[in-house]
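One structure is given here, and the rest of the page talks about it.
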Amino acid sequence: MTSINHRNHDDKHLRFSPKRSTLIFLVLVALGTMAFIPTHNLPYHYLINAAMNALHFPAGVLLCSLLTTLFTYLPKWISRYRWLAILFSFSILIAIELVQPLVGRTRSYEDLLWGASGVLIAFAYLTLHPFRQIVIALALVLVSFSTIPLVSHATNLYRLHQRMPILTTFSEDQDIDFWEPASQERFFLKTTDDGADRFLRTEIKHSGWSGVTFVNPDIDWSMFTQLCFKSRLSNSAELHTRIDDRASHDYQTRFHAQFSISTQWQSFCVPLLHIRNPSGDRLLTNSIVRVVFFAAGQNDGLILDLDDLVLRP
């Protein structure tokens, strides 16, 4: 009897009340359900994805907390191995990531890492009682890092809303945050020789379909009829412009335009009114996700300059 009472005393701080355990379980069910909801057709899906990614850390905390407290109610020969709560938590997180591609989502090792971090923080908080203050401080640091993409995306979305219909003029250093390399390209902001203007320069380091991508953070383009930009290449060549909406996933579901570009600055406009992909389906201009500027073929060493990406009514 003494040993049982002693075990119950040791496990008391690990146990949640039935009401709290039920609440945690319901929250986990809600978070688990969200993990299987396709978001690519939802408005502001980039923002939603960033918010859902930030929830992986608290989800890991809640999952491990619930499993750890459940272990205290099991027979003594099992409950002494409460570290198995970590193993079960990891297994559930891995299973969720493996199943996501079956429902139109993509698996993410980063999400798994954040969930695993939450699991370890929860287990340390519950079992390392003397070090709880350190664990809490570490948890706050991890929460801050996990929300950086969400805050960054929300900030970019607000900035674009404020200056519409101008997407980017590269007048601010933060404008480069909207751009991504297509592969191994190096891109950076460059100032004109007279110092009057800045533009985006992309150095293509390999051959093939290489260039740079403007990532649209959920801005609605349906009120505009043209996407205009300025460009030049270090050698005269063909510049391809590809536009994707949320449903785009291959060549047949994307819009393509092609321009002959010289070594001098030129202005170009892509029509947005009733744009269609090669399959004949219209792209949804209220859900454009990216615009890719690239050159095809033997382009190793080619330099692509872009400036003044603007939407016109």
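Quick note: the coordinates plus some simple rules give every number you see, no bench work behind them. No experiment lies behind these values; they were computed from the predicted model shown. Positions of Cβ are generated from backbone atoms using ideal geometry, with glycine treated the same way; all protein chains shown enter the neighbour counts.
Stretched out fully, how many nm does the piece from Ser222 to Ile303 gain, at 0.36 nm a residue minus the Cα gap? Mind dumping the intermediate values first?
Values: separation 81, 0.36 × 81 = 29.16 nm, distance 3.19 nm.
Separation in residues times 0.36 nm, less the Cα-Cα distance, equals 26.0 nm.
Could you pull out every residue, at least 5 positions away or on a different chain, whose amide H is within less than 5 Å of the one on Arg290? Hs are placed 1.01 Å off N in the peptide plane, and Pro or chain starts have none.
Residues meeting the amide H criterion: Asn216, Asp244.
What's the magnitude of the charge dipole for the chain around its Cα centre, counting Lys and Arg as +1 and Asp and Glu as -1 at the beta-carbon? Answer in Debye, nearest 20. Working shown, then result.
Numbers: 27 positive and 26 negative charges, 328 e Å.
The calculation lands at about 1580 debye.
Hey, got the dipole for the stretch 166-312? About the Cα centre, +1 on K and R Cβ, -1 on D and E Cβ, debye to the nearest 20? Walk me through the intermediate numbers first.
Working: 14 positive and 21 negative charges, 95 e Å.
That gives a dipole near 460 debye.
As a test of the definition: which semi-axes, in Å, follow for the stretch 166-312 when you take the square root of five times each eigenvalue of its alpha carbon gyration tensor? Largest first, please.
Numbers: eigenvalues 112, 65, 38 Å².
Over the Cα atoms of the stretch 166-312, the ellipsoid semi-axes are 24, 18, 14 Å.
In the chain, which Cys residues have no partner Cys with a Cβ closer than 4.7 Å?
Cys64
Apply the Karplus parameterisation 6.51 cos²θ - 1.76 cosθ + 1.60, with θ equal to phi minus 60°, to every residue of the stretch 276-288 and state each ³J(HN,Hα) to the nearest whole Hz, in sequence, with x for glycine and proline.
Once θ is set to phi - 60°, the couplings for the stretch 276-288 become 10, 8, x, 7, x, 8, 6, 7, 8, 6, 8, 9, 6 Hz.
Could you give the length gained on full extension between Arg276 and His161, defined as 0.36 nm per residue of separation minus the Cα-Cα distance, in nm? All intermediate terms of the calculation are to be shown ahead of the outcome.
Working: separation 115, 0.36 × 115 = 41.40 nm, distance 2.58 nm.
Here the answer is 38.8 nm.
How long are the three semi-axes of the equivalent ellipsoid of the chain, in whole Å, if each is the root of 5 times an eigenvalue of the C-alpha gyration tensor, listed from largest down? All intermediate terms of the calculation are to be shown ahead of the outcome.
Working: eigenvalues 516, 80, 58 Å².
Rounded to whole Å, the semi-axes are 51, 20, 17.
Report the normalised scattering of the stretch 199-286 as log10 I(q)/I(0) at q = 0.11, 0.17, 0.21, 0.24 Å⁻¹, calculated by the Debye formula with identical scatterers on the alpha carbons.
-0.35, -0.82, -1.18, -1.37
To the nearest 0.05, what FRET efficiency results for Ser183 and Leu84 with a Förster distance of 41 Å applied to their C-beta separation? Present the calculation step by step, with values, prior to reporting the outcome.
Numbers: r = 43 Å, r/R0 = 1.06.
Computed FRET efficiency for Ser183 and Leu84: 0.40.
Fully extended, how many nm does the chain gain between Ser91 and Phe131 (0.36 nm per residue separation, minus their Cα-Cα distance)? Walk me through the numbers before you get to the answer.
On the way: separation 40, 0.36 × 40 = 14.40 nm, distance 2.64 nm.
Stretched fully, the Ser91-Phe131 segment lengthens by 11.8 nm.
Quickly estimate the mean residue ellipticity at 222 nm for the chain, helices only: each DSSP H run with n ≥ 4 gives -39500 (n - 2.57), and the total goes over all residues, rounded to 500. If you can, show how the numbers build up before the last one.
Numbers: 9 runs with 123 residues, N = 313.
Theoretical 222 nm ellipticity from helices: -12500 deg cm²/dmol.
Residues with amide H under 5 Å of Ala182's amide H, sequence separation 5 or more or different chain, H placed in the peptide plane at 1.01 Å from N; which?
Gly211, Val212, Thr213
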